[in-house]
Structure formats: C-alpha cells, structure tokens
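To keep things clear, I will list the structure first and then write my remarks on it.
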Amino acid sequence: MNGSDILMALAALALAPLIGGILRGLDRILTARMQGRIGPPLWQPFYDFIKLCAKSKKASHRGPVVWAWAYLVLTVTAWLLFVLRQDLLILLFILAFAGASLALGAFSVRSPYAHFGAYRELLQMLAYEPILLLAAVAIFLKTGSFMVGDVLGFEQPLLISLPLTLVAVLIALGIKMRKSPFDIAASEHAHQELVRGVYTEYSGPTLALIELTHWYELVLVLGIISLFWVIPLWVGIIIALSCYFLEILIDNITARLRWSWMLTVGWSLGVGLILLNIVIVEFFGLGLRL
Amino acid sequence: MTAETLVGVLVLLPFIVGGLSFLIRSEGLRKPFVIAFSLVMIIASLWLFLEVYNYGTLVSNPSPVWEYLIFAVDCLLIGYFLYVGITNKHYLIILLAAFQSVSFPLISLPFHKQVKPVLYIDLLSVIMCLVISLIGSLIVVFALDYMRNHEVHHRVNPSRQHIFFFFLISFLGAMNGLVFANSLFWLFLFWEITTLCCYHLIRHDLTEEALGASLRALWMNLAGAVALIIGIGLSLHNFDTVVIQELISSGVVGPALLLTLALFCFTGFTKAAQVPWQGWLLGAMVAPTPVSALLHSSTMVKAGVYLVLRLAPGFVETQLSAAIAIFGAFVFMVTSVLAIGQSNAKRVLAYSTIANLGLIICCAGINTGLAIAAAMVLIVFHAISKGLLFLVVGTIEQQVGSRDIEDMEGLITKLPVLSGIALVGMISMLFLPFGVVFGKWAGIQAASEPVTTWFFLIVAMLVMGSASTLVYYAKWMGRLISCAPDSSGSSEVKAPLAYGTLMALAVLAVGLSFLVVPLVVNVIDPAAVAVGYEEGFKVVGTALATPWGAFPVWPLFVAVVLALVIPALVVRLKPAEVSAVYMCGVNVDERHLVFRSAVDGHVQVETGGTYWTQWFDELSLNKWINAAGIVLLAVLFVGVVL
Amino acid sequence: MGLITKSRIKSPWIVHYSCGGCNGCDIEILACLTPLYDVERFGILNMGNPKHADILTVTGPVNHRNYRVLKNLYEQMPDPKVVLAIGACACTGGVFHNCYNVLGGIDKVIPVDVYIPGCAPRPETIIDGVIMALKKLNEKGSKAE
Ligand code: SF4
C-alpha cells in the first residue's frame, strides 16, 4: 500500500456515506413520486442521521450496541477492500461477517421481535450469499482473477458475456437493499407484524450507526455491480444506478413475500442463472477467455 | 534421540501408556501420569516435525519381525470382530468379518516380498502427527476431569475409566501409525485398530443407544476395511506391490490403478462418515464428549481424509478425481443444509464435521497444488476448532444438563467464560480471518479454476454449503448470546484441567490463524510440494496470495479487533440508559421480561429457536440425500472404467 | 440554526398509539400520510416502534387498562420526545368523559406537549400541531444539551 492508496482509502471512507446518503434521499423522493407524492428533501437521510445521533442513548442491553459497531466496522472493512482493489471473495466473506453481526446484534437481547427479524435476516443471507459468491466466480472465469484491481483492468466489458449473472446479482441487490419483495427481515415500511425486525431494539445513536452502515453497504453493492462495465467506468456507474432505479421501481410495484419464496428464488433462479451463464461462457465459447 | 526412536515413541508409547492406565486404577495416580504422557507426545511430535522439516522425508524400515507380529495382530482383530458379531447376533458384522478372515490371510500369506520403505514420513505425515498428538493429547487431558464428573453423574461404580483411557490413549498411537505407514499391510493394521478403539469408546456407557451406535460404527467401518482388502488384493494382483508411494507414483494411470485407488478412497469415505455412511458418526455422539471430540477433530474421520489426500497424487487429472471432487462438494452442501434443521448441539457439530470433511475431500478431488494446500489448511484448523467446540459442548452439558441448543439460551450470562470460549470457537469456524474459513476461501478459489468439466457444479455446491454453514452457526451463537436485560449471576464451575485445555485450544485456534502466513509458507506449501504439487500460495506484501486472489491476514485481524474486541470491552450501559425490551407496551416493568396478559396475569416471555423443520427435516431429506450419495459413489466407480 | 436543531426539526418520527377512541382520529392521522397531505415532505415518518420515535401521537381517552401501555410506550422513547394529544378524547376524554372505565385525557398519565382539539381534527390541524410540537421538541433537546 502506498501513499496514493492511503489517500484513496481515506477519500472513499469519507465519500461513501455521502453518496450513500444522497442515494437514499433520491430513493425516498423517487418512491414518493411513484406514489403520487412530493416526498422529503434530498438531504432528508442526513437530517435523520444527525437527529438520531443527538438523541439520548437507550438500549435494552449492551450486546446490540457491540454488534452494531461490528456491523459498521466490518462493512467499512469490506468497502475498503473494494477500494483498495482486493480479493472479491474475501470482501464477500467479510460482508457476510458484517451481515451476521447485524443478526447477532438482534439475537443478543431477548426480544421477540428482534429475534423474529434475526432469523429472517439469516434466511436472507442464505438466499443471497451463494448468488454473490458465484457471481464473483463468474467474474473470475472471465477475467482470470478475483482481485478487483485486475477486474478493473479487464478490457472487455463483463456485461456482454455475463448478462445473466447481472440479473442474478439484481436479486441479491434487492435483498441486500431490503426492498420489496425481499424486505423479509425488517420491512422498510413501519406498522407491520415485524415491528422493525432486527432494528427493533436499536434507538438513537446506535440506530444512526446502522443507518450509516447501510449507506456504506449500498455504495459497496452498487460498486460491485459497476464492475460489470469498467472501461469506461462511467458506463458501469450508469448501469449500477439504473439497477438501483429498477430496484426502487420493483419495490413500489410488489408486495412483501414469504421467506420460503425468497429462498427458492435465490437458490434456483439466482444460482441457476449464473450457472447457465458460466456454462454458456465456458463451453459454448461465447466470449471465451482462452 | 534419532528420528526413528521418535517414531517409535509416537506410535508405541500410547499403547504402552494405554495399557498402564488400564492397570492403574487410582485416579490420583493416573492423572499426573497421563499429563506427563501428553507432554511427551506433544514434545515428540514437535521434535519429529522439526526433524522432517529440516532433513526432509524420513523413511524407515523396522525389522522384518514386525511383519509377523502385524499379521498376528490383524488376525486377532478380525477374529475379535467376528466374535463381536456373533455375540451380538449382528449378521452384517459377521458377514464382513468372515469375509475379512478369509480374504486377509489369502492375500497376505503368499506375499513375501521385502516391503521398502515400510514407514514413509513426509511433511504431510508429520502435520497429521502434530494434529493427532497435540490436539489428541489435549483432549486426553481434558478427559481426566470430564470422566470423573461423568461417572459421578451417571453413578458408575465401580469406575470403568481404566477401560476408557486404555482405548482413548491407544487411539493416538494407532492414528500416528496410520499416517506413518507406507506399507498397505501396516496401514490396514492401524486402520483396524482405530475401528476397534472407536467401537469400544462409543459403547463405553453401555446404554442401549450406545451399544446400537457402536455396532453401527463397527459394521460401517468394517465395510470400509473390506474395500481396503479388495484394494490391496488388486494392487498385489496388478502391480505386485503394497507400497503406497510406489502405487501412486507408478506413472501409468490406467483403469486398474484407478480402480484400486477408488476402492481405497471408498474406504476413506466410510471412515470420514461421508454420505451415505454418515450414520455411524451421528450415532457416535452418544459416547462421552472426549470421544466425540477425538473422533471428530484429530483422529478417526481425519484418517479417512488423510488417506484420500495421500492418494490424491495418484489420480491427478483423471475422471476419478473429478468424481471425488463432486462427491465431496455434494456432501459439503447437503450436510450443511441438514445441520440447519438440528437443535441438538452435538448433532449440529457432527454435521458440520461431515461437511468440512466433504470439503477437504472435494479439495483433494480438485487436485491442484492450491486445492491440496487448502485441504491441509482445513485439516489443521478444523481439528483445532472442532475439538474445541466439542469439548465446550461437553462441558456445557455437564453444567447445564442438556446438549440441546434450546437450553443454551442466554448461556453467556450463566456461564460467561465457557460461552465466551464457545463463541471464539464458532467465530473461528465461521468467519474470516480465521483458519477454517481461510481454508474454505482457498478451496473455493481452487474450485473456480476450470480443471474439470463439472467445476461449476462443484463451486456452486461449495458456495451454497458455505451460506448454510453461516446460518446454522449464527443461529446457535444467537441462542448463546440472547440475554434478558435483568440477566445476571454466573454459576460457573471451573474445573482447572478442563478449562485449561479449552483455553489452550481457543488460543491455538486464534493464534494459529494469526500466524497463518508463516504456517502456510513454511509448512503447508512445502508439504504440498513434497507430495508432488506445485506451490499453492505465495506471499505478496503481507498477504497470502493464490494465483488469482489475495488474503490480507493482518489487516483483517486489525479490523476484527476494531469491530468486535474493542466494542465488547468498551461499550457499557449506565443504569439510566437501560430500557425495556419492546413488547407492544405491555411490559410489566422495565427490567424483566414479563408482560401483562389479557386477564392481568403476569406472563414470562419465552423466545425459542427456529429450525424450519418443514424445510430442513432430516428424516424426509435423508432418503433423497442418501440415494444421491450412493449414485455419486457409483459414478465414482463408473468414472474409473470410462 | 445549528445543524442539530435543524435536523431535529426536519426529521420528526412519529409513533402512534390509539387508546381506543372511535377511530375517527386515527383515520385522520393516516390521511396525513396520503398523497394529498404527504407529511413526508417535512421528513415526518410513521414508525411502528417507540424506540425509534420522537413524537408520540395519542388518540382516544385513556382508561384503566391501557394507561399502562401508554406509559410504557412513552418511557421507551429516547429523549428528546414530545407528546401530542389528538382529538377531543385524547385531550379531555371527549365524549367518553365520566364513563366508568375512563380516566380522562391522556395528560392524566403522561405529560402532554400539544393538545389538538377537534372531533376529529382535520389533517391540517394535525400537521399544524406537529409543527408546534417540533418547537417544543427542540426546546427540550437544547435544554438537555
Ligand atoms: S375525538 Fe372524536 S373522532 Fe377522535 S377518537 Fe374521540 S370521538 Fe373519535
């Protein structure tokens, strides 16, 4: 790691929440517009964040607070791994650790609603984890490396040979963004049987911490999607943003579905699409690496 | 001391000490004696490791007299198995033992060639020997305290500990012999001895369940041994040799050789409890915990994967290799999925063991330098973490009176030290940057390389299994750490020896993960090179790199410390900051998990674990899984012919 | 205006508890969320959980059974927090005044910051009340600091 890397890491550390927050603000405006409303200002997520930080600390146990920190730090670690062009699989494993921390935070106090959410959070991970890992494998097969750095240097756009993989990743993105029909663990919209699932026992500054983590996570997942078209990079970013828009659209036109359905989609459609893609690329020579 | 003396100590001393602890009936006397023995084993194995590490592969030819002894012991063992079968009226055992009693003399008596070398001790062998002697000895030490409590709990009088320790300690010798052996006859002998020890250890409590489980373990392992005998017969018939090294480096890879190797691998699968042979290992958990810990971590099942790994150079780039990889990946996936539906902690661990062995076998089947190195990494780290977890569960069982995950709710407040160790064990099984997951990562990296036509299926099964692993361990951790706001008061009884071994294993699991770079570069990679592969890893900066990926060990450790250790130490709540758990506002008061019912009663809140048994039900899934396992095994043999 | 003050004013999250009025007020509150009134313009969100909320809106009269729930919910909210009594029932007991089971307005149980009269109050009134509550919220927040 040299000087420019350190600078870049620092910049990424500071910029990601900014971008993530703005994207969340956009999300809320877009959602409102799709529902015929005007919606909050773009900076709304930041107001929420600051307000939460200024609230008094309250928690039913110290466990959730500890795990919330783990969730934040590990997600940031994954993001830094991405920015420093490290191994995609390592990044995803660390992200899984982070995701599990969120569930464990909910587990660590005996709250019926939080436990409810934690189990569902684990099911969500069960559904999307194979998709993301396999997508990394598909990218490896194309580029010959798991390192983000090498993927960034790969001439040919990945999307051309891995379109089905992107579709599968969209499923994972939906789950990771906690959008309908996959907002299984903690529905984004209040007043439901879940209360707030995994987030039930969090409040004030700790909730702000989790919100911050979500921003990092969002930027990271969109960053992974933009790997599908890296030269020139702005195409990839546009693709990622279009995927984001698509998820918001889907969120607004679908209802929350059962977890069993999510699992079926993840393991059959998600995994199946990537496998199909790999088979096509490897054996029918479409965009063959060798 | 010469290296050969060390080998002698490592193989024979356990039998001698085992015999002596059979004779020493006094607990007070046995304790220092066994501890001293453990120390000797650990030192001897480290010493032997250094010898081999510094001076290269060690070959040794004990005097030919041993061959007669071995033949005699073999015959005695087979006779004993026959006897067990007859007294228990277990026809399968009778059949298998009878087959062995006919076929074994038939193939071994006419054979008079001088076997050279009889013992072949390369880095892989000494790594195994270290795992066996180090972790095995720790488990034996742990057993000292454990068995006393066990007999108090079960009101065993007079004590049967001497029998227990005889088999437990001899087991280590048999395992060491097994990993040193280069002659198939020696291998067979030690193989049968492990079967014998396993049988006796499982039936130790003499309950009906234990007897049934031990017989099942016996017949399944005998079935494996039958395949071993047939394999030896084929090897003699076709190649006129019983030397493993000659067999795998003969150069001509034809159907005859592959069939022999396939039979040996089949033997390995039975011992490693791979689907459809998982039954015996699942049944084995009725035994006292040190037995489970020993069987699952450093001995017995590791013998199975060791054999496959040892033979792997013999079937590089063959269909057999691909079939083994698919089989291993399949086992990894299905057993991980099955574990989600289990609430018995030992059963969860058992499935986790089978899954990890499947992963190791899969790596052996992928059969590249990276994959073999990954397999060795997994063997080492899995042994440590799994040994630790079993011992923890056993200790929990003695203090709580149950091994059900449901009864471990909120254990972190009742038994903080023990639960803390359990969490360390699980985290080391589950998350980066710890060794087991590092091995898994390397495995997935190796599986991604299109070395076989079906690599995409292999890697898909690996990632699905990996996701399932996350779920069942996280679920369990969730039960352990779930506590109420008012929870307080620990009732921990800390037996010094037991807790000492637990701590040692926990430190080993974390410490060795921290030192994974020197470990891999200095030991694992050379070991893979020594058995004929190219180097799997290299060091780039501070990271451990594969040809297409990199694992930055120390930065990740820093991240974990920042993420978990520091918050866990720093975050404290002031009494004023504690608020009630949300229960729709019907809480009776702030600190207790009690709510007001519709008729104004006070109801204690209960939370339970979820196992989604409608999806992950063992009974209904098992027949499909076993059928698929049998089909895959058949494919393995068909793959040889093609 | 400091950043915290501004954020506090621009991000009032609401938890709503109906003590059991006639449901008229509840419907009016929900009306505020609809496109016509769209209170999310002001950052107002309806939370299902007192631990996430800044403003507790209560409708209906408090009675012998539900006052405990009301109190619990109030106590679980982190500071600073304000309470809105929405509708005549919540303010004074309204049409349920003097019923044998009713305690009266919710101020019998928890401190109320803003009373919004009406039976039922119009959504405009409710929004107006929320805006008034924000001033109080900020005062409380500044005092705590
Ligand atoms: S104030 Fe009027 S509308 Fe509101 S709850 Fe009471 S009776 Fe119903």
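The values are calculated or read from the model by the stated rules, or taken from the named source; none is laboratory data. Predicted model only: the values in this text are computed from it and were never measured. Cβ placement follows ideal geometry from the backbone for every residue including glycine, while neighbour counts extend to all protein chains displayed.
Exactly one residue out of C:Tyr37, C:Tyr17 is at the interface with another protein chain (Cβ under 10 Å from one of its Cβ atoms), within 16 Å of the ligand (Cβ to nearest atom) and outside any helix (DSSP H, G or I): that is C:Tyr17.
The residue of the range C:111-130 that is surrounded by the fewest Cβ atoms within 10 Å (Cβ to Cβ), among those that are assigned to a loop (DSSP other than H, G, I, E, B) and away from the ligand (no atom under 15 Å from the Cβ), is C:Pro111.
State whether one or more residues within the range B:589-607 are among the hydroxyl-bearing types (Ser, Thr, Tyr), touching a residue at least 60 places away in the same chain (Cβ under 8 Å) and in a loop (DSSP other than H, G, I, E, B). For the range B:589-607, residues among the hydroxyl-bearing types (Ser, Thr, Tyr), touching a residue at least 60 places away in the same chain (Cβ under 8 Å) and in a loop (DSSP other than H, G, I, E, B): present. Looking across A:Thr200, A:Thr165, one residue alone is within 23 Å of A:Trp79 (Cβ to Cβ) and among the polar types (S, T, N, Q). It is A:Thr165. When the criteria are applied in full, B:Val560 fails the requirement of being outside any strand (DSSP E or B), over 18 Å from B:Gly410 (Cβ atoms) and more than 9 Å from chain A (Cβ to nearest Cβ).
When you check C:Ser7 against the structure, is it facing another protein chain (nearest Cβ under 8 Å) and either surrounded by 21 or more Cβ atoms within 10 Å (Cβ to Cβ) or within 16 Å of the chain's Cα centre (by Cα) (or both), yes or no? Considered against the rule, which asks whether it is facing another protein chain (nearest Cβ under 8 Å) and either surrounded by 21 or more Cβ atoms within 10 Å (Cβ to Cβ) or within 16 Å of the chain's Cα centre (by Cα) (or both), C:Ser7 comes out as yes. Of note, A:Arg110 satisfies the criterion of being more than 30 Å from A:Leu276 (Cβ to Cβ) and basic (Lys, Arg). Given the structure, is C:Leu137 more than 15 Å from the ligand (Cβ to nearest atom), crowded, with 20+ Cβ neighbours inside 10 Å, within 14 Å of chain B (Cβ to nearest Cβ) and touching a residue at least 40 places away in the same chain (Cβ under 8 Å)? So C:Leu137 fails the test. Can B:Gly401 be described as within 30 Å of B:Leu515 (Cβ to Cβ) and assigned by TED's automatic domain parsing to the domain that holds B:Ile360? Judged against the criteria, B:Gly401 is not a match. Selection of the range C:74-89 for residues being within 15 Å of the ligand (Cβ to nearest atom) and within 30 Å of A:Ser56 (Cα to Cα) yields C:Leu84, C:Ala85, C:Ile86, C:Gly87. Selection of the range C:20-34 for residues being free of Cβ contacts under 8 Å to residues at least 40 places away in the same chain, within 14 Å of the ligand (Cβ to nearest atom) and more than 17 Å from C:Ala85 (Cβ to Cβ) yields only C:Leu30.
When B:Trp454 is tested against (1) among the hydrophobic types (A, V, I, L, M, F, W, C); (2) surrounded by 24 or more Cβ atoms within 10 Å (Cβ to Cβ); (3) farther than 30 Å from B:Asn587 by Cβ; (4) more than 7 Å from chain A (Cβ to nearest Cβ), just one condition goes unmet, and that condition is (2). The set of residues in the range A:242-268 that are touching a Leu at 6+ places or on another chain (Cβ under 9 Å) and acidic (Asp, Glu) contains only A:Glu247. The set of residues in the range C:51-71 that are crowded, with 24+ Cβ neighbours inside 10 Å and away from the ligand (no atom under 15 Å from the Cβ) comprises C:Lys51, C:His52, C:Ala53, C:Asp54, C:Ile55, C:Leu56. Could you run through the range A:87-126 and say how many residues are under 28 Å from B:Ser448 (Cβ atoms) and over 18 Å from the mean Cα position of the chain (by Cα)? Residues that pass the stated criteria total 0.
Just to be sure before I move on: is B:Val640 among the β-branched types (Val, Ile, Thr), facing another protein chain (nearest Cβ under 7 Å) and either out of contact with any Cys (no Cβ under 9 Å at 6 or more places or on another chain) or in a helix (DSSP H, G or I) (or both) in the structure I sent? Judged against the criteria, B:Val640 is not a match. In the range B:1-16, the residues that are closer than 19 Å to B:Tyr55 by Cα form Cβ pairs under 7 Å with partners that are part of a helix (DSSP H, G or I) and among the polar types (S, T, N, Q), at six or more places apart or across chains, as follows: B:Leu10/B:Ser45; B:Leu10/B:Ser133; B:Leu10/B:Asn176. Going residue by residue through the range C:90-103, is there one that turns out to be more than 13 Å from the ligand (Cβ to nearest atom), modelled with pLDDT of 90 or more and touching a helix residue (DSSP H, G or I) at 6+ places or on another chain (Cβ under 8 Å)? Looking for residues that are more than 13 Å from the ligand (Cβ to nearest atom), modelled with pLDDT of 90 or more and touching a helix residue (DSSP H, G or I) at 6+ places or on another chain (Cβ under 8 Å), one finds none in the range C:90-103, hence no. All of B:Ala504, B:Ala580 fail the test of being touching a residue at least 40 places away in the same chain (Cβ under 8 Å), closer than 30 Å to A:Arg62 by Cβ and either within 9 Å of another protein chain (Cβ to nearest Cβ) or buried (at least 22 other Cβ atoms within 10 Å of the Cβ) (or both), apart from B:Ala580. Screening the candidates B:Ala484, B:Ala467, B:Ala474 for the property of being in contact with a strand residue (DSSP E or B) (Cβ under 9 Å, 6 or more places away or on another chain), of a type in the set (A, V, I, L, M), within 9 Å of chain A (Cβ to nearest Cβ) and closer than 30 Å to B:Asp407 by Cα yields one hit, B:Ala484. Of all the criteria given as (1) in a strand (DSSP E or B); (2) closer than 21 Å to A:Leu104 by Cα, the one not satisfied by B:Val581 is (1). Within the range A:55-75, count every residue that is without any contact (Cβ under 8 Å) to a residue 40 or more places away in the chain and either among the small types (Gly, Ala, Ser) or outside any helix (DSSP H, G or I) (or both). Qualifying residue count, the range A:55-75: 1. Among the residues of the range C:35-79, the one identified as closer than 17 Å to C:Ile9 by Cβ, free of Cβ contacts under 8 Å to residues at least 12 places away in the same chain and not basic (Lys, Arg) is C:Glu40.
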